[in-house]
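**Student:** Dropping a structure here in structure tokens format, bear with me for questions.
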Amino acid sequence: MRLNASAPPFTPARRRTVGVIVAAVLLLVGGLLLAYPDRAGAAADPLISRGSPTASSAESSGLGPQNAVDGDPASRWASAEGKDPQWIRVDLGATADVTRVALRWEAAYAKAYRVEISADGTTWTRLASETAGNGGTDDWSGLSGQGRYLRVYGTARGTSYGYSLYEVEVYGTFDDGPPPTGAFTVVAAGDIAAQCTASDSGCAHPKTAALAQRINPKFYLTMGDNQYDDARIADYRAYYDKTWGAFKGKTHPVPGNHETYDPAGSLVGYKAYFGAIAYPQGKSYYSFDEGNWHFIALDSNSFDQSAQIDWLKADLTQNSKACIAAYWHHPLYSSGGHGNDPVSKPVWKILYGARADLVLNGHDHHYERFAPQDPDGHATADGITEIVGGMGGAEPYPIENVQPNSQKRISGQYGVLKLDFTDSGYGWTYVGTDGQTKDTSPKYTCH
């Protein structure tokens, strides 16, 4: 065991384990624990890094960041070659007190790097730093940091290649027990706030908001056209904010075409109202995880731009969750007035190739569910299940042209989707503003 002499005073001890030294260190540590039994608790802190990792880059799809937290000593994450800086980040799933981090480097190691922690994935606090790394295993003990996200940030490569880690192991304890897993509920709707208020008897979005709030889900999703008609910031504040705005902090929105009509500029009012909630990764599209699910929020107004398509491919490459749901505004298939919109077919092909499970859309103002199908509309057991859920408050559209694989259609009855997710599957109900269930889906198992 040796101290990193070049690090600041708060930098913890870092152990390098090589050959015979391992045995000596183990004997020494064992003796210390016998002599000082109060230290045994810290040594026994559990491994908490089997969460959701992301990275600045990956050398290939087979060397993604999920390999660094899978417990397999033979698999690894590798960054793009020849570029600094690079990083790998682990979402621990809940706020934790981190006491130890072990890094097991492949031959492409970091000569200089920082171990950092963050509560929100944006502002980082340094836990440890290395300026003269030489690979092998870096075991940082005696740490004291609190946060949900742990990042290893490499600033100088030790070789001409990239950065490569067999494992990133984070140890500690969660503030409120282990992060939640298993079942959780989500409420979703699109096409929400018409320019009316609760004082208008025909105004629907106050009623769908009240229903959504009574359900009290883990979080809320919106599928675009959140505010009519031109989605100005003044209208968001006057209408949406008075109803669905009550749970804005638990909402993961996406924009619709009406968000692009703002005279101040496309998405200006949308971004001004939601802020970082709608742009958590600095773009109008983003992803997040819950339980064993990976959720992808997309901006279908810009599906013709390569930046979003490239981001989606990279995001799916880095995903480590077994189940995938994506949501955006314009549906590929719909029996409503707008009908099928081929703008999202390339996105469907990417999602289908990644074995995604569920797609949620709005745009047409009705409820509809489809049997699992492929991007070409062929029913198949390994296909994507699509739901149109545009009954959040805007004026209903009639059903006009029933599409193949459409299993249920409801128009004229406002309501929300109540989606129930587990670690291995999902199902949902369409609930009307009268509190009654209007439709119940089959139970699906993740691909």
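**Student:** Yes or no: region 346-358 includes at least one residue that is assigned to a helix (DSSP H, G or I), free of Cβ contacts under 8 Å to residues at least 24 places away in the same chain and over 20 Å from R409 (Cβ atoms).
**Tutor:** Here is the first cut: in region 346-358, the ones assigned to a helix (DSSP H, G or I) are 346-353.
If we keep only those that are free of Cβ contacts under 8 Å to residues at least 24 places away in the same chain too, we end up with 353.
From the residues that got through so far, the ones that are over 20 Å from R409 (Cβ atoms) too are 353.
Scanning region 346-358, I find at least one residue that is assigned to a helix (DSSP H, G or I), free of Cβ contacts under 8 Å to residues at least 24 places away in the same chain and over 20 Å from R409 (Cβ atoms), so the answer is yes.
**Student:** Restricting to region 413-430, what's the tally of residues that are in a strand (DSSP E or B), open to solvent by 30 Å² or more (accessible area, probe 1.4 Å) and in contact with a Cys (Cβ under 8 Å, 6 or more places away or on another chain)?
**Tutor:** Within region 413-430, residues that are in a strand (DSSP E or B), open to solvent by 30 Å² or more (accessible area, probe 1.4 Å) and in contact with a Cys (Cβ under 8 Å, 6 or more places away or on another chain) number 0.
**Student:** Which residue is nearest to the chain's Cα centre (by Cα), if the candidates are limited to region 259-278 and must be open to solvent by 30 Å² or more (accessible area, probe 1.4 Å) and under 30 Å from G182 (Cβ atoms)? Before you say what the answer is, go through the steps one by one.
**Tutor:** Here is the first cut: in region 259-278, the residues open to solvent by 30 Å² or more (accessible area, probe 1.4 Å) are 260-261, 263-264, 266, 268, 271-272, 276-277.
In the following step, the residues that additionally are under 30 Å from G182 (Cβ atoms) were identified as 276-277.
Details: A276: 14, I277: 12 Å.
In this case the residue turns out to be I277.
**Student:** A further question follows. Among the residues of region 306-324, is there at least one that is touching an Asp or Glu at 6+ places or on another chain (Cβ under 8 Å), of a type in the set (K, R) and either open to solvent by 20 Å² or more (accessible area, probe 1.4 Å) or farther than 21 Å from A58 by Cβ (or both)?
**Tutor:** yes
**Student:** Next question, about the same structure. Residues of region 431-443 being assigned to a loop (DSSP other than H, G, I, E, B) and not charged (D, E, K, R), which ones? Before you say what the answer is, go through the steps one by one.
**Tutor:** As a first pass, look at region 431-443 and keep what is assigned to a loop (DSSP other than H, G, I, E, B): 433-436, 441-443.
Those that are assigned to a loop (DSSP other than H, G, I, E, B) and not charged (D, E, K, R): T433, G435, Q436, S441, P442.
**Student:** Something else about it: Working only within region 306-336, note down all residues that are modelled with pLDDT of 95 or more and either in a loop (DSSP other than H, G, I, E, B) or under 18 Å from Y220 (Cβ atoms) (or both).
**Tutor:** Those that are modelled with pLDDT of 95 or more and either in a loop (DSSP other than H, G, I, E, B) or under 18 Å from Y220 (Cβ atoms) (or both): A325, A326, Y327, W328, H329, H330, P331, L332, Y333, S334, S335, G336.
**Student:** Inside region 325-344, can you point out the residues that are open to solvent by 10 Å² or more (accessible area, probe 1.4 Å) and within 22 Å of the chain's Cα centre (by Cα)?
**Tutor:** If the condition is that a residue be open to solvent by 10 Å² or more (accessible area, probe 1.4 Å) and within 22 Å of the chain's Cα centre (by Cα), then H330 is the only one that fits.
**Student:** Would you confirm, using the coordinates I've provided, whether A94 is open to solvent by less than 50 Å² (accessible area, probe 1.4 Å), part of a loop (DSSP other than H, G, I, E, B), among the aliphatic types (A, V, I, L, M) and modelled with pLDDT of 70 or more? Spell out the reasoning first.
**Tutor:** Values: open to solvent by less than 50 Å² (accessible area, probe 1.4 Å): yes; part of a loop (DSSP other than H, G, I, E, B): no; among the aliphatic types (A, V, I, L, M): yes; modelled with pLDDT of 70 or more: yes.
No, not satisfied.
**Student:** Only one residue in Y367, Y426 is more than 25 Å from E259 (Cβ to Cβ) and among the hydroxyl-bearing types (S, T, Y), so which one is that? Talk me through it step by step, then tell me what you get.
**Tutor:** Working: Y367 fails: more than 25 Å from E259 (Cβ to Cβ).
Answer to the selection: Y426.
**Student:** Within region 399-408, is there a residue that is basic (K, R), open to solvent by 20 Å² or more (accessible area, probe 1.4 Å), within 23 Å of V431 (Cβ to Cβ) and without any contact (Cβ under 8 Å) to a residue 60 or more places away in the chain?
**Tutor:** Within region 399-408, one or more residues are basic (K, R), open to solvent by 20 Å² or more (accessible area, probe 1.4 Å), within 23 Å of V431 (Cβ to Cβ) and without any contact (Cβ under 8 Å) to a residue 60 or more places away in the chain.
**Student:** Here's another thing I want to ask about it. Scan region 105-119 and tell me whether some residue there is within 27 Å of the chain's Cα centre (by Cα), in contact (Cβ under 8 Å) with a residue 12 or more places away in the chain, farther than 17 Å from T159 by Cα and in a loop (DSSP other than H, G, I, E, B).
**Tutor:** yes
**Student:** Looking at region 135-173, which of its residues are farther than 22 Å from L63 by Cβ and not small (G, A, S)?
**Tutor:** Within region 135-173, D139, W140, L143, Q146, R148, Y171, T173 qualify.
The values are calculated or read from the model by the stated rules, or taken from the named source; none is laboratory data. Keep in mind the model is a prediction, meaning the values are calculated, not measured. Backbone-built Cβ (ideal geometry, glycine too); neighbour counts: all protein chains shown. Side chains are part of the model used for accessible areas, which takes the heavy atoms of the whole protein and leaves out ligands, DNA and RNA. Shrake-Rupley method; radii C 1.70, N 1.55, O 1.52, S 1.80 Å.
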